[in-house]
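Values in this text are rule-based calculations from the coordinates and carry no lab data. All of these numbers come straight from a predicted model, not from anything done at the bench. Here the Cβ is made from the backbone with ideal geometry for all residues, glycine too, and neighbour counts use every protein chain on show.
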Amino acid sequence: MKKAIIVGASSGIGKELAKLLVEQGYRLGITGRRELKLEEIRNSNPSHYISKPFDCTTESNSDKLTELANDLGGLDLLIMSSGTGDVNSELIFSEEEKTIDLNVKAFTEVMDWAFNYFRDQGKGHIVAISSVAGLRGSKHAPGYFASKAYQINYLEGLRKMAKKPIYITDIRPGYVDTAMALGDNLFWMSSKEKAAKQIYSYIKRKKDIGYVSKRWALIAFALKIVPNFIYKRV
């Protein structure tokens with residue numbers, strides 16, 4: 001039986017991925033801040049879930065993840081699905097700081113722990129949920145967009161360091177129907193269920209980069225080539 005950890009499994013994409021992986025026969029370690037939410041998931045199939053609630057911005061991720069991997073009896077896959085961000089045109093630093101603490105500091109510790117674990121083991125698969133937002137800057141949520149750019153580049157660095165059979169998959173969603181969808185009347189909105197299925201397909205194929213939904217690859221291409229003098233006016 002394959003074993004996986006999902007960081008940020010109590011809601012959103014992480015919760016849907018947890019259900020899907022268990023359906024595919026995985027034994028799963030799930031983490032998050034909301035203990036009751038994790039317990040609800042665990043109670044749906046106690047033989048396949050181990051829950052360990054913790055806030056990865058305030059506690060030692062490395063120690064907690066090591067304990068969880070030991071409880072699982074090993075690890076094949078780690079998914080980082082925890083993130084935050086808000087519209088912050090007024091540049092309130094406390095809002096940016098929350099984003100940095102989770103999307104940069106905690107993200108880095110989790111990625112480093114997972115990479116070193118799999119490097120020592122000789123194999124493994126890291127999957128992280130970044131965002132299409134990481135491809136350019138934003139006047140509405142500068143900290144969030146910048147943090148996702150950091151994640152994209154960090155994952156690319158890990159991918160260059162990795163030797164097969166260690167794989168690094170960067171999942172870049174557009175709009176998914178979760179609390180992280182910033183704004184109203186958003187286009188190309190995917191359901192959490194659709195997003196999880198597409199992400200699982202990328203995991204199975206060990207893709208380097210996956211867009212959710214797939215048509216967001218068109219937006220990504222456009223963002224990369226649009227000249228700066230045009231993008232500044234958007």
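On a straight-distance basis, which aspartates and glutamates could pair with K206 in a cross-link, Cα separation under 15 angstrom, same-chain partners fewer than 8 positions away excluded?
Within the straight-line limit of under 15 Å, K206 reaches these aspartates and glutamates: D76, E156, D170.
For the range 140-179, state which trypsin sites (Lys or Arg not before Pro) are in a DSSP loop and have at most 13 other beta carbons lying within 10 Å of their beta carbon.
Working: sites: K148, R159, K160, K163; in loops: K163.
In loop regions of the range 140-179 (DSSP not H, G, I, E or B), the sparsely surrounded trypsin sites (Lys or Arg not before Pro) are K163.
Contour minus end-to-end for R233 and E59, with contour as 0.36 nm per residue of separation and end-to-end as the Cα-Cα distance?
58.5 nm
With a point put 7 Å past each Cα toward its Cβ, work out how far L91 is from R136 in nm, to one decimal.
A separation of 2.1 nm, rounded to one decimal place.
What angle, in degrees between 0 and 90 and rounded to the nearest 10, separates the Cα long axis of helix 107-121 from the longest principal axis of the Cα atoms of the chain?
Taking Cα atoms only, the helix is inclined about 40 degrees.
Using the number of other C-beta atoms within 10 angstrom as an exposure proxy, rank E96, E59 with the fewest first.
Placing the least packed residue first, the sequence is E59, E96.
Nearest 10 degrees is fine. How inclined is helix 216-225 to the longest principal axis of the chain, computing both from alpha carbons?
The helix 216-225 is inclined about 50 degrees to the chain.
Which order do the peptides 80-86, 23-29 come out in when sorted by mean C-beta neighbours inside 10 angstrom, highest first?
Numbers: 80-86: 22.3, 23-29: 17.7.
With the highest mean Cβ count within 10 Å placed first, the list reads 80-86, 23-29.
Between 0 and 90 degrees, rounded to the nearest ten: what's the tilt of helix 142-161 against the longest Cα principal axis of the chain?
50 degrees
With the contact rule set at Cα under 8 Å and sequence spacing of 6 or more, what percent relative contact order holds for the range 3-231?
Details: 393 pairs, mean separation 40.8, N = 229.
Once normalised by length, the contact order is 18 percent.
If the cut-off is 14 Å between C-alpha atoms, which aspartates and glutamates fall inside it for K139, apart from same-chain ones fewer than 8 positions away?
D86, E90, E96
Report ³J(HN,Hα) in whole Hz for each residue of the range 75-87, in order, from the Karplus equation J = 6.51 cos²θ - 1.76 cosθ + 1.60 where θ = phi - 60°; Gly and Pro get x.
8, 10, 8, 10, 10, 9, 10, 9, x, 8, x, 9, 4
Using only Cα atoms, locate the centre of the range 4-50 and the centre of the range 67-81, then give the distance between them in Å, rounded to an integer.
Cα centres, the range 4-50 to the range 67-81: 12 Å.
Straight distance only, please: which lysines reach the Cα of K192 with their own Cα at less than 17 Å, same-chain residues fewer than 8 apart left out?
K15, K19, K37, K214
5 Å is the cut-off here: which amide hydrogens, built 1.01 Å from N in the peptide plane, fall below it relative to Y211, excluding neighbours closer than 5 in sequence?
So Y211 has HN proximity to R172.
What nm value, rounded to one decimal, do you get for the distance between L223 and E156 when each label is placed 7 Å out toward the C-beta?
1.3 nm
Cβ under 10 Å from G32's Cβ, G32 left aside: what net charge do those residues give with Lys, Arg +1 and Asp, Glu -1?
Net of charged neighbours comes to +3.
Could you give the length gained by full extension between N45 and Q24, i.e. 0.36 nm per residue of separation minus their alpha carbon distance, to one decimal place?
6.3 nm
Set the bar at 23 Å for Cα to Cα. Now go through K163/K194; K98/K204; K160/K207; K2/K207 and name every pair that lies beyond it. Can you show the working numbers first?
Values: K163/K194 31 Å; K98/K204 33 Å; K160/K207 14 Å; K2/K207 18 Å.
Checking Cα-Cα distances, K163/K194; K98/K204 exceed 23 Å.
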